[in-house]
Amino acid sequence: MDYLQIKGGNKLQGDVVISGAKNAALPIIAATILSDKPITLTNLPNVVDIRTLLKLLGMLGGSVDHQKTVATIDNSTMSSTKAVYEIVSQMRASILVLGPLLARFGECEVSLPGGCAIGQRPIDLHLKALEAMGATIDIRGGYVRAEAPNGLQGAKIIFDKITVGGTENIVMAASLAKGVTTIINAAKEPEVVQLCEMIRDAGVKIEGIGSNELIIHGTNQKPLTFQETQIIPDRIEAGTYLCAGAITQSKITLQQVNAEDIRASMNKLEEMGFSFDITPNSITIHPCQEIKHVDLITTEYPGFPTDMQAQFMAVLVMAVGESLIEERLFENRFMHVSELNRLGADIWLKGNIAAIRPIEKLYGADVMATDLRASSALVLAGLVAQGTTNVHRIYHLDRGYDNLEGKLSKLGADIVRLKE
Ligand code: UD1
């Protein structure tokens, strides 16, 4: 197994190119099931989760030609509608094939994704919405078996909670349904917006893109013809590099990034004392005198993203006063706290609130990555910890960060990938 070894203390400088967004690419790859014609996707991040979902399409009988950041997918030959446990258990987002498989083929079986380290993460809202669209759902032997032999029917869906994956699954299902589907309390993350735009550009009328209410006029099972699609920049990767600049008090420039999508993170960094130069596709972060403490609450877009919570906690460890973080989306998303404390942080936890108290210094240690974003928080802390930090179990990082150690080394960090 690989681990990352970081020798802390280096300042960073220069430019880093942000990759395509994993969380935009995953639903877009799933959406290709709605088509029986080839489609090319560009600016894919070179990460394990993307390879896993492309492998699943191959197992379903699709043909996939994938080279690093570009994939051409042809699902005209798709012959199976069963997404097996071996793949779905590796990556929860595989549940995104449920809506498109059911919409195109009238039936499918998808393994239940199961629990996840950061919380329970049920899929009840996805299933309830598909039932409202006329599907019969049966859960047996660890699989969701869904059927709609005469196709899905447009319906009015009201999500009890805002769900990114649920909104994406239902947008995809609705695009081939009979009639109109209205989604109320829809997610409006930039990744949901890109999926809607791609489906709209394939000729499906979608009203309300980017709002909490989406109206989708289905094609009555007529497969879609997609245009070549370039994946949007990864706002979470971008936010992570801003945090790398912040924690090391360095001036660095992010290239191929959209500042609008990471406004909430930049606003918090400004409150903490950092400043920015922004162009249409770059952001430069400037160091500050001292890092001010701030409070933050994770919430849905355009609020502060839960996927940036761990990285901000690492930066706030170096702030001058006490900060509070409230995690509202995932009940167990604080596993990085004990690992940051191993490095010398003073973080106190009660329920879904963490208090981060000021300290003089972090000291390198062996730490364990527990989930994708927690892993990057440990790397950030390692960049400023005195001595050597070894971050173990980085397979979590490899799921979602494209060449993290390569990009950080190029910025001047002392970081290497080693074998246990
Ligand atoms: C997506 C992102 C993930 C991010 C999360 C929240 C992808 C591949 N992943 O995950 O990185 O952290 O959005 O921004 O895009 N819920 C239910 N029932 C459901 C579905 C969700 O109760 O059927 C709950 C979840 O447990 C959670 C909340 O709703 O508390 C939001 O989850 P959701 O938006 O669905 O997250 P994901 O789509 O899984």
Expressed in nm to one decimal, what extension gain is obtained for the pair residue 1 and residue 388 from 0.36 nm per residue of sequence separation less their Cα-Cα distance? 137.4 nm
For residue 357 and residue 281, compute 0.36 nm times the residue count separating them, minus their Cα-Cα distance, and round to one decimal in nm. 23.8 nm
Here the tail fraction of P(r) beyond 21 Å, over all Cα-Cα pairs of region 203-287, rounds in percent to 47 percent
Take 312, 159, 334, 276 and order them by how many other Cβ atoms sit within 10 Å, fewest up front. 276, 159, 334, 312
If I take R0 = 45 Å and measure r between the Cβ atoms of residue 366 and residue 131 in this structure, what FRET efficiency does the formula 1/(1 + (r/R0)^6) give, to the nearest 0.05? 0.40
Once amide H atoms are placed 1.01 Å from N in the peptide plane, what residues at a sequence separation of 5 or more from residue 291, or on another chain, have their amide H within under 5 Å of its amide H? 320
Taking the chain and dividing mean pair separation by its residue count, relative contact order in percent (alpha carbons under 8 Å, at least six apart): 21 percent
For the chain, what does -39500 (n - 2.57) per DSSP helix run (n ≥ 4), summed and divided by total residues, give at 222 nm, in deg cm²/dmol to the nearest 500? -9000 deg cm²/dmol
How big is the dipole moment of the chain about its Cα centre under a simple scheme where the beta carbon of each Lys and Arg is +1, that of each Asp and Glu is -1, and everything else is neutral? Debye, nearest 20, please. 360 debye
Suppose the chain between residue 140 and residue 418 were pulled fully straight at 0.36 nm per residue; how much longer would it get relative to their current alpha carbon spacing? 95.9 nm
Lysine-lysine proximity count for region 7-140, Cα under 25 Å, sequence distance 8 or more or distinct chains: 10
Indicate, rounded to the nearest 5 percent, the antiparallel portion of the DSSP beta bridges found entirely in region 124-193. 55 percent
Rounded to the nearest 0.05, what FRET efficiency is calculated for residue 40 and residue 160 with R0 set to 41 Å and r the Cβ-Cβ distance? 0.65
The computed P(r) of the chain puts the percent of Cα pairs beyond 39 Å at 19 percent
By the DSSP-based rule, helices of the chain that are at least 15 Å long along the axis (C-alpha) and have a mean Kyte score of at least 0.0 are 48-59, 164-175, 190-201, 235-247, 372-384
Under the rule of at least 5 residues apart or a separate chain, name every residue whose amide H is placed under 5 Å from the amide H of residue 365. 389, 390
Under the rule of at least 5 residues apart or a separate chain, name every residue whose amide H is placed under 5 Å from the amide H of residue 346. 357
³J(HN,Hα) across region 335-340 via Karplus (A = 6.51, B = -1.76, C = 1.60, θ = phi - 60°), whole Hz, x for Gly/Pro? 5, 6, 4, 5, 6, 5
Rounded to the nearest 5, what % of the DSSP beta bridges within the chain are antiparallel ones? 75 percent
Can you tell me the dipole magnitude for region 169-215 around its Cα centre, using point charges on the Cβ only (Lys, Arg +1; Asp, Glu -1), in Debye to the nearest 20? 200 debye
Under a cut-off of 19 Å between alpha-carbon atoms, report the lysines in cross-link reach of residue 205, not counting same-chain residues fewer than 8 places apart. 156, 178, 188, 222
Sorted from fewest to most neighbouring beta carbons within 10 Å, what does the list 22, 350, 205, 268 look like? 350, 205, 268, 22
Residues listed by number, region 30-62, amide nitrogen under 17 Å from residue 79 label point at 7 Å toward C-beta: 56-62
Residue exposure sequence - 170, 347, 183 - by fewest surrounding Cβ within 10 Å: 347, 183, 170
Quick one: what are the phi-derived ³J(HN,Hα) couplings along region 404-420, Karplus 6.51/-1.76/1.60 with θ = phi - 60°, whole Hz, x for glycine and proline? 3, 5, x, 5, 5, 4, 4, 7, x, 6, 9, 9, 9, 9, 10, 9, 4
Can you give the FRET efficiency to the nearest 0.05 for residue 67 and residue 270, using r as the Cβ-Cβ distance and R₀ = 45 Å? 0.70
Magnitude of the Cβ-charge dipole (Lys and Arg +1, Asp and Glu -1) of region 318-373 about the Cα centre, nearest 20 debye, reported as 40 debye
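Coordinate-derived values only; no laboratory data. All values reported here derive from a predicted model rather than from experimental measurement. Methodologically, a virtual Cβ is constructed for each residue, glycine included, from the backbone with ideal geometry; neighbour enumeration extends over all protein chains shown.
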